[in-house]
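Comments concern the structure below.
Quick note: the coordinates plus some simple rules give every number you see, no bench work behind them. No experiment lies behind these values; they were computed from the predicted model shown. Using ideal geometry, Cβ is built from the backbone for each residue, glycine included, and neighbour counts are taken over all protein chains shown.
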Amino acid sequence: MSVKENLESILKKIRQAEIKYGRKENSVKLCAVSKFHPAESVIEAIEAGQTVFGENRVQEASAKFNELDSKGYASELHIIGSLQRNKVKEAVKIASCIQSVDRIELMDEIEKQCAKIEKKVEVLFELHTGEESKAGFADYDSLKSAVSLCVMNKYPHIIPKGIMTMAPNTDDQELIEQSFSKARIAFEQIKTEFPEIPFSELSMGMSGDFETAIEEGSTMVRIGTAIFGERDYSR
Ligand SMILES: *Cc1c(COP(=O)(O)O)cnc(C)c1O
């Protein structure tokens, strides 16, 4: 199957899940995760109409998306992988959204680097809800403290857009649901506690669990393998 066919099939499944779970039509966006796949694959996706892409390593993303840019392909890049402080400068140059903000130190650096280039960047706060790697804020209270700094205007270049989470990589449907449900509850709670911030994105769901994520309220699924095929980590 080509990237174009895979994309069409995934978009169809997303729309079907919206209907099945009583979600509003087109309330779930697709972030196509192109990590470990070459620029040519991204071009195929762009030509098939895809605009938002996710990458988890800044160096790889920078090389790839600068190449696309120079060839005249417009796209929107989200950084979705854990981000080291020394990669923030490059990350905010190339990305419109950083989905994997998991500590306040990182927000300080994002603010500093964005201020230098006079750019605003969207961020999602990553909440740890059960995934093995422990990435993300450990609990609701630590996430809430980070959000509250935005509310106090400490970060004029950061647009707090929502929450991201990863479910554990397991066949245990119940664990996956628990994980997504935790993120949704945190998302709703933040919206209730801070109605003044533009919280609208709940990024959850990958190739293996996106339909469950849509059932649990996801507004953005991040799908790699089901669009671009298996990743070759030996490259
Ligand atoms: C790689 C990755 C994805 C995509 O995973 P697939 O199983 O290939 O769909 C989604 N989110 C994050 C944070 C990732 O690192």
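Just a few scattered comments:
- Matching entry among Pro168, Pro195 (being within 13 Å of the ligand (Cβ to nearest atom), out of contact with any Lys or Arg (no Cβ under 9 Å at 6 or more places or on another chain) and part of a loop (DSSP other than H, G, I, E, B)): Pro168
- Conditions (1) in a loop (DSSP other than H, G, I, E, B); (2) touching a helix residue (DSSP H, G or I) at 6+ places or on another chain (Cβ under 9 Å); (3) within 16 Å of the ligand (Cβ to nearest atom); number of the one not met by Lys134: (2)
- Ile159 within 15 Å of the chain's Cα centre (by Cα) and more than 10 Å from the ligand (Cβ to nearest atom): yes
- Residue list for the range 211-231, restricted to those being away from the ligand (no atom under 11 Å from the Cβ) and either small (Gly, Ala, Ser) or within 11 Å of the chain's Cα centre (by Cα) (or both): Gly217, Ser218, Thr219
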